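The values are calculated or read from the model by the stated rules, or taken from the named source; none is laboratory data. Predicted model, so just to flag it, every value in this text is computed and none were measured. As a convention, Cβ positions derive from the backbone with ideal geometry for all residues, glycine included, and neighbour counts pool all protein chains shown.
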């Protein structure tokens, strides 16, 4: 604590000396006005510089670590220490200068003292983002000042011990925190305002360098840290790549997709921003030449998107239980997918025999043995197909026939995650954005396929919203839809995973999609025998009233989904009434309400799978 005591003494005695100096000045002015006394009062210190030098010189035991520091630098460090002891977490440069300076003309001297302390590692200067000038040394006036590595080392603080990162995610979290400071205004001073700086070799200071030191002593694999030198990225390019990942995963709110905003984040002044933007996203940038990011020119300027290759370079392969949990978290935060891990019993699924057999063939074909058998069959064909292709299924039929449940069952049997895509999140009113997001779906899936170590089941519900017929119009909307669907066709053509698309209206799908699906399976409205089985499956048979006739209920042309809704409503209603059993009147009334609602939805000419009076399905 020798250093701490010394700095506290410097700050305290300097404050006392300043107050005494002020008193002497006031006394001199008062004597001059009143004309009292012929003997002039002599100042203890002639000027401010002499005051600071006299205070520091009067203290014995100056620490050896401060021998190289100038008097203004020692004074600035002393007042920073005093503020931190008073638990002031946020100290700006102008506050330190205000406590030191007496003569305004010496302001620059103390600002340069802060620069000196930074060069010696005593302090870290963090940019506030609101400075009225970017030119040193006046840019330090509104800079947040904190202690640096030299101070912590001399104080014997634990912070000086450089500890390695425990995982790749820990490294990414540290970088995300670093980048978050730029947007929040408390970042370390990385803003480039020198148009002649070499962007290829430019090295950020402070916390970023400390992260680099921690990487050097880390014993675990850190693909995100190694991606920079491995891919020959400059520090700025490396930070931008990680910024795109952080934004995609929800850890950062700053818009790293906007190339102008990224340049604005790292540089000040028009010339510097243009240079930084070209360095990051120009045609020769390794971010583009190595397809780590993908560039799109839209109505409002150029945007970039992290590609699957870029994400994989930073994330590497994730294995193990803990990493699998982190991967699930990233899926929910950073992709268009909703992740489920369904557990569906085969007994809960009522499907036609051919459909069930087709599903069983998919399950076998995706198993290790099935892949081997398929490859052998394909090798024996007259025309070689190459490696086994993905499994793509189109499930179509009326609402409530179990299309989504079938996809969940498939994922359950394969013991794979189910990734659901909400079409409303993909479609965008902005030109170029929908196409970009379709491409991102396939890129994200390919990345997750590698990271999970197996192919998840990708589910597109209500696929006709995305795969509808292509128009021949020339409007911007028609071109956007056609481009989006062409990208979808390309994605399906080279798809190697498991994809399930569902639709109530197969006739709305573009014909070009038909051959892209390996399986086109119809899930028709259930016939009478299947409706009987569905009622038995959903009803609590031991709580049925004596008047319930399952044959009569089966005559009502409800689908499986509608039967489930009727039973759910009946249970809630009877629970509210306090009844202990389910009567036929309640079930029949609710069933007919469900049928009437379907009539209104479909219209008088479109009764899909319904002929209640005849007990038939069409």
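Looking at the structure I just gave you, is residue 561 over 38 Å from the mean Cα position of the chain (by Cα), in contact (Cβ under 8 Å) with a residue 40 or more places away in the chain and under 20 Å from residue 398 (Cβ atoms)? First the steps, then the outcome.
On the way: over 38 Å from the mean Cα position of the chain (by Cα): no; in contact (Cβ under 8 Å) with a residue 40 or more places away in the chain: yes; under 20 Å from residue 398 (Cβ atoms): yes.
The answer is no for residue 561.
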So residue 515 ticks every box in (1) in a helix (DSSP H, G or I); (2) modelled with pLDDT of 80 or more; (3) closer than 22 Å to residue 365 by Cα but one. Which box is left unticked?
(2)
Is one or more of the residues making up the stretch 493-503 in a helix (DSSP H, G or I) and in the same structural domain as residue 359 (by TED's automatic domain parsing)?
yes
So, in the stretch 303-329, of the ones that are in a loop (DSSP other than H, G, I, E, B) and more than 16 Å from the chain's Cα centre (by Cα), which residue ends up modelled with the highest pLDDT?
316
Note on residue 383: of the conditions (1) assigned by TED's automatic domain parsing to the domain that holds residue 460; (2) modelled with pLDDT under 80, unmet is (1)
Return the residues of the stretch 239-254 that are more than 13 Å from residue 306 (Cβ to Cβ) and in a helix (DSSP H, G or I); say none if nothing qualifies.
239
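For the stretch 186-216, which residues satisfy the criterion of being part of a loop (DSSP other than H, G, I, E, B) and either over 24 Å from residue 146 (Cβ atoms) or modelled with pLDDT of 80 or more (or both)?
Result: 195, 196, 197, 198, 199, 200, 201, 202.
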Give me the pairs: first residue in the stretch 158-178 and over 11 Å from residue 214 (Cα atoms) and assigned by TED's automatic domain parsing to the domain that holds residue 238, second residue at pLDDT 85 or above and surrounded by 14 or more Cβ atoms within 10 Å (Cβ to Cβ), beta-carbon distance under 6 Å, and six or more apart or on different chains, which are they?
168/222; 168/223; 168/224; 172/224; 175/242; 176/246
Across the stretch 6-21, what is the number of residues that are crowded, with 19+ Cβ neighbours inside 10 Å and within 47 Å of the chain's Cα centre (by Cα)?
3
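Is at least one residue of the stretch 178-185 in contact with a strand residue (DSSP E or B) (Cβ under 6 Å, 6 or more places away or on another chain) and either farther than 26 Å from residue 290 by Cα or modelled with pLDDT under 85 (or both)? Give the derivation first.
At the first step, the residues of the stretch 178-185 found to be in contact with a strand residue (DSSP E or B) (Cβ under 6 Å, 6 or more places away or on another chain) are 181.
Cutting the leftovers down to either farther than 26 Å from residue 290 by Cα or modelled with pLDDT under 85 (or both) gives us 181.
Checking the stretch 178-185: at least one residue is in contact with a strand residue (DSSP E or B) (Cβ under 6 Å, 6 or more places away or on another chain) and either farther than 26 Å from residue 290 by Cα or modelled with pLDDT under 85 (or both).
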Specify the residue that is farthest from the chain's Cα centre (by Cα); the eligible residues are those in the stretch 230-269 that are without any contact (Cβ under 8 Å) to a residue 12 or more places away in the chain and within 25 Å of residue 193 (Cα to Cα).
264
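Taking the stretch 343-381 only, how many residues are assigned to a helix (DSSP H, G or I) and over 19 Å from residue 519 (Cα atoms)? So that I can check it myself, show each step before the final result.
Keep residues of the stretch 343-381 that are assigned to a helix (DSSP H, G or I), which gives 346-348, 353-365, 368-379.
Narrowing the set further to residues that are over 19 Å from residue 519 (Cα atoms) leaves 346-348, 368-369, 372, 376, 379.
Residues that pass the stated criteria total 8.
For (1) at pLDDT below 75; (2) surrounded by 11 or more Cβ atoms within 10 Å (Cβ to Cβ); (3) part of a helix (DSSP H, G or I); (4) touching a strand residue (DSSP E or B) at 6+ places or on another chain (Cβ under 7 Å), each residue gets a yes or a no:
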residue	(1), (2), (3), (4)
56	no, yes, yes, no
73	no, yes, yes, no
81	no, yes, yes, no
87	yes, no, no, no
96	no, yes, yes, yes
99	no, yes, yes, no
109	no, yes, yes, no
